[in-house]
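Peer 1: Below: one structure in structure tokens.
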Amino acid sequence: MSSTNHWHTLDHWLHHLATTGLLKPKNIHYGCALCGLISGGLVFAGLISSGFLPPIRPWWPAEQVSEHYETHLVGMHVGSALLMFSGAFFIPFYCAIADQMQRIPNIPWILPQIQLASGTASVIGFLLPGMQLAVASFRKDRDPMVLQLANDSFWIFVLMPFSTFFPLCWSWAYAILLDTRKEPPYPKGMAIANFIVPCMFLWAAAIHTTQSGPFAWNGVLGFWVPLGFFGFQLIGDTYYLLRAIRVNYSEEGKSQSSRALAVSIASNGSKIEV
């Protein structure tokens, strides 16, 4: 077989893959919706592999922090990579939400733009902790006091870059409230959840002011409440995104079938009333 035939076969196979195989648009939309859970799962996996679930204590002396890093050094190398990749998977997720927002009739055009802009900015909240953990675990012989500073920076980077979640979630919530279709794919309760969840991160604004208690980086309000609400939101948003995508493609399939029937009737010379 000549090289030309090889390229023709490859081109035909890639076209088939993109239109009817795993890469067809419907599956890409499903994949983007699932990326939110993948992103959150990578964050959990990164913290677990680093020995940070539950979080280490803010009041630990430098020597104890250094001992923890030495014990979990390999896991931290893995964890830093997982945290970095979690940001990459967050991008398709908020793009899927922006696409769904654009399908809502008569919403202000600026809402999907706010979603895309704030989603892009929110990725830094996944990248910074990963990079800081990579720096903190880079040298085995680092002075314990310096390592303690790097560890403090890591936890602040994990919890404090939350401000971009406000426009991200609130634009989505506002779009849901503006959906006046007879059977909207997203319940109004989902809008309320997206209004509330970012506010739960406000407790983390105080983690740099205390080393113990509920507002510390290992405290109920400083860590566990934001983490729990964020996980709840990801699961809920993903469920309704997947359901809406299924409905979208079901309706598009019916529309295409109707158009094909109309074309067939027209080609037979029948009169079509629109």
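Peer 1: Of the residues that make up segment 200-211, is at least one farther than 26 Å from I114 by Cβ, touching a residue at least 24 places away in the same chain (Cβ under 8 Å) and hydrophobic (A, V, I, L, M, F, W, C)?
Peer 2: For segment 200-211, residues farther than 26 Å from I114 by Cβ, touching a residue at least 24 places away in the same chain (Cβ under 8 Å) and hydrophobic (A, V, I, L, M, F, W, C): present.
Peer 1: When the residues of segment 148-180 are filtered to those that are part of a loop (DSSP other than H, G, I, E, B) and not aliphatic (A, V, I, L, M), which remaining residue is farthest from the chain's Cα centre (by Cα)?
Peer 2: T180
Peer 1: Somewhere in segment 190-204, is a residue modelled with pLDDT of 90 or more, of a type outside the set (A, V, I, L, M, F, W, C) and either closer than 23 Å to N248 by Cα or touching a Ser or Thr at 6+ places or on another chain (Cβ under 6 Å) (or both)?
Peer 2: Checking segment 190-204: at least one residue is modelled with pLDDT of 90 or more, of a type outside the set (A, V, I, L, M, F, W, C) and either closer than 23 Å to N248 by Cα or touching a Ser or Thr at 6+ places or on another chain (Cβ under 6 Å) (or both).
Peer 1: Sticking with this structure for a sec: Of the residues that sit in segment 30-58 and are surrounded by 21 or more Cβ atoms within 10 Å (Cβ to Cβ) and not hydrophobic (A, V, I, L, M, F, W, C), which one is nearest to D152 (Cα to Cα)?
Peer 2: S50
Peer 1: Pairs please, first residue from segment 24-42 and under 16 Å from S122 (Cβ atoms), second anywhere and modelled with pLDDT under 95 and acidic (D, E), Cβ atoms under 9 Å, 6+ apart in sequence or on different chains.
Peer 2: Taking only residues 6 or more apart or on different chains, the pairs are C32/D99; G36/D237.
Peer 1: Now for a different question. So E183 fits all but one of (1) among the charged types (D, E, K, R); (2) part of a helix (DSSP H, G or I); (3) modelled with pLDDT under 90; what number is the exception?
Peer 2: With (1) among the charged types (D, E, K, R); (2) part of a helix (DSSP H, G or I); (3) modelled with pLDDT under 90 applied to E183, the lone miss is (2).
Peer 1: Now a separate question. Hey, can you tell me all the residues within segment 104-158 that are among the acidic types (D, E) and either in contact with a Lys or Arg (Cβ under 8 Å, 6 or more places away or on another chain) or surrounded by 15 or more Cβ atoms within 10 Å (Cβ to Cβ) (or both)?
Peer 2: Result: D152, single match.
Peer 1: If the requirement is being among the polar types (S, T, N, Q) and assigned to a loop (DSSP other than H, G, I, E, B), which of these qualifies: N27, N5, N106?
Peer 2: Sole residue among the options that is among the polar types (S, T, N, Q) and assigned to a loop (DSSP other than H, G, I, E, B): N106.
The values are calculated or read from the model by the stated rules, or taken from the named source; none is laboratory data. Keep in mind the model is a prediction, meaning the values are calculated, not measured. Neighbour counts run over all protein chains shown; Cβ positions are idealised from the backbone, glycine included.
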